[in-house]
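Enquirer: Before I ask anything, let me first share the structure, which is written out below as structure tokens.
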Amino acid sequence: MPILLKPFTRLSAALMLGLVLAAPWTQARAAGHDIRGITGPTFDLYAFPFFMNLPEGTSLYMWGFGDMNSGAGATHPEGGDYALPQYPAPTLIVNQGDTVTINLTNFGVPDPVSIVVTGHHVQAAGGIDGLVTRAAAPEQLPVTYTFTAGKPGTYLYHSLDGATPGLHVEMGLVGALIVRPAGYHADTNRIAYGIGSTSYDQEFLYLLSEIDPDVHIEMERGHYSHFTHSDRFATVYMVNGRAFPDLFASDFDSLYPHQPYQALAKAHPGERVLVREVNAGHDPHPFHHHGENLRFIARDGRPLTADGLSANLGLSNSTINSEPKQTVDAIWRWTGKNLGWDIYGTQAHACCTDNVNNETGATGPDGFDDISYEFVADHGKAFPVTLPNVTDLTLGGWWSGSPFLGDTGDLPPGEGGLNPFGGYFLMWHSHAEKELTTFDIFPGGSLSAVVVLPHATPIQ
């Protein structure tokens, strides 16, 4: 029976699940995590105000898009029946070549609301004349937007209307569009683009944004002319519409009724993790990924390729410096190579058969075990330091009690509990110090992580 990993508060329940033997690496791998969203090619969205939860217990007045079809096209079961206005807006998922239709009705946002889609020429009909396209006025006829999803990739859609352009994104009318390439299959051909080197095992969305709460208070009071870019000063920073630690909670957690998307990536050793990073704010955001460098494969929905056959122009870096409204797709992979000790522990465990290149499938050694992806040169090497007694340590909720992957140790009462699988947590976070705060309080803001899990722990 598949096991759904629930991070944060739900992790404790997983303590009872136990482990099973890992499947050989070279066998066909089960489909991994996919970005949550709704599928098209026709979407029926509405705009409506709501209040969003913040980590310190307050709430913030927002404007959001919601799915009028109540999650009928949800990509995963937890999104079924979901119809609330949300931040960010529903992630729209279509296939390359689709003729996409978005019907938009404004049920309560005081400004006329529109939709523009980066990288696409969109036709609009209905509604009223707007700033750059047709718009849906409050409680009046809807607007229909149509376009062809001609190229695969990651894009942004948002409202751009009213007397103060930029206010609608600040208030929450923004989301991501993902176009799957021709030939994509969720189980057998997980590719980001129709060229080589863009295949992946796990896929995660990191939509970055920032908010000035004072603007939202003014809008709540009806002071619609009180928004200016010169006075704007953000103090809340978010990934997928949540700030630390809320972003670790599971998708569609009932504690965050209008913020359905989590931001905790998960992977097994050696897996290719597709990171779709979207800057949905007004400010640039430098987002740093610990553990390994990313290999950039595309920007703004265009592969970084010189020959059209592979993403051979993508640089390797640990930080994505994204500009406002920019998207960057990158592949991240953790192997544990050259740690200098056996990450699986020195107790007997299967290793090392190295007859196949794990990346390409070609015959020949690549330095990694063909089944577990363990780095062969470190097999059997002792842990290089002597750990202090547990009573002499300051522990955290994510410390499993053991330095070895997939292992857990005894912890004092009240300690640990958030890492029952013995995973490795590596921080993924903004590299701007201010963005690691919420209302200037650390830790907060865009502070996320990736957890490397033992192969026996399913990820869905």
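Enquirer: Inspect all residues belonging to the range 335-358 and state whether any of them is under 24 Å from the mean Cα position of the chain (by Cα) and open to solvent by less than 50 Å² (accessible area, probe 1.4 Å).
Expert: Yes, that holds for at least one residue.
Enquirer: With outside any loop (DSSP other than H, G, I, E, B), under 21 Å from residue 432 (Cα atoms) and touching a Lys or Arg at 6+ places or on another chain (Cβ under 7 Å) as the only criterion, which of 205, 247 stands out?
Expert: Details: 247 fails: touching a Lys or Arg at 6+ places or on another chain (Cβ under 7 Å).
Being outside any loop (DSSP other than H, G, I, E, B), under 21 Å from residue 432 (Cα atoms) and touching a Lys or Arg at 6+ places or on another chain (Cβ under 7 Å) holds for just one of 205, 247, which is 205.
Enquirer: So the check is Cβ under 6 Å with 6+ separation or different chains; which pairs have a first residue in the range 389-400 that's over 17 Å from residue 264 (Cβ atoms) and a second one that's open to solvent by less than 80 Å² (accessible area, probe 1.4 Å)?
Expert: So the pair list comes out as 395/415.
Enquirer: Something else: Hey, can you tell me all the residues within the range 179-216 that are closer than 28 Å to residue 242 by Cβ, among the aliphatic types (A, V, I, L, M) and either touching a strand residue (DSSP E or B) at 6+ places or on another chain (Cβ under 7 Å) or crowded, with 19+ Cβ neighbours inside 10 Å (or both)?
Expert: Result: 179, 192, 205, 207, 208, 211, 215.
Enquirer: Looking at the structure I just gave you, is residue 64 under 30 Å from residue 235 (Cβ atoms), surrounded by 17 or more Cβ atoms within 10 Å (Cβ to Cβ) and either of a type in the set (Phe, Trp, Tyr) or at pLDDT 95 or above (or both)?
Expert: yes
Enquirer: Got a sec? Which of 133, 91, 39, 101 is surrounded by fewer than 17 Cβ atoms within 10 Å (Cβ to Cβ), of a type outside the set (D, E, K, R) and touching a residue at least 12 places away in the same chain (Cβ under 8 Å)?
Expert: 101
Enquirer: Considering only residues that are within 22 Å of residue 333 (Cβ to Cβ) and in contact with an Asp or Glu (Cβ under 6 Å, 6 or more places away or on another chain), look in the range 241-272 and name the one that is most open to solvent (accessible area, probe 1.4 Å).
Expert: Ranking the candidates gives 272 first.
Enquirer: With respect to residue 372, is the statement that it is assigned to a loop (DSSP other than H, G, I, E, B), touching a residue at least 24 places away in the same chain (Cβ under 8 Å) and surrounded by 11 or more Cβ atoms within 10 Å (Cβ to Cβ) true?
Expert: So residue 372 passes the test.
Enquirer: Same structure, new question: Of everything in the range 150-172, what is under 29 Å from residue 184 (Cα atoms) and either crowded, with 21+ Cβ neighbours inside 10 Å or of a type outside the set (Gly, Ala, Ser) (or both)? Give them in sequence order.
Expert: Hits for the range 150-172 are 151, 152, 153, 154, 155, 156, 157, 158.
Enquirer: Here is a further query. Among the numbered criteria (1) on the phi > 0 side of the Ramachandran plot; (2) open to solvent by less than 30 Å² (accessible area, probe 1.4 Å); (3) touching a residue at least 40 places away in the same chain (Cβ under 8 Å), which one does residue 119 miss?
Expert: Going through (1) on the phi > 0 side of the Ramachandran plot; (2) open to solvent by less than 30 Å² (accessible area, probe 1.4 Å); (3) touching a residue at least 40 places away in the same chain (Cβ under 8 Å) one by one, residue 119 breaks only (2).
Enquirer: Do you know which residues across the range 359-369 are open to solvent by 70 Å² or more (accessible area, probe 1.4 Å) and either part of a loop (DSSP other than H, G, I, E, B) or at pLDDT below 95 (or both)? Steps first, answer last, please.
Expert: From the range 359-369, those open to solvent by 70 Å² or more (accessible area, probe 1.4 Å) are 359-360, 363, 365; that's our starting set.
Of everything in the range 359-369, those that are open to solvent by 70 Å² or more (accessible area, probe 1.4 Å) and either part of a loop (DSSP other than H, G, I, E, B) or at pLDDT below 95 (or both) turn out to be 359, 360, 365.
The values are calculated or read from the model by the stated rules, or taken from the named source; none is laboratory data. Just so you know, these numbers come straight off a predicted model, no measurement behind them. When we count neighbours, we look across all protein chains shown, and the Cβ atoms used for this are built from the backbone with ideal geometry, even at glycine. Accessible surface areas use protein heavy atoms only, side chains included; no ligands, DNA or RNA. Shrake-Rupley method; radii C 1.70, N 1.55, O 1.52, S 1.80 Å.
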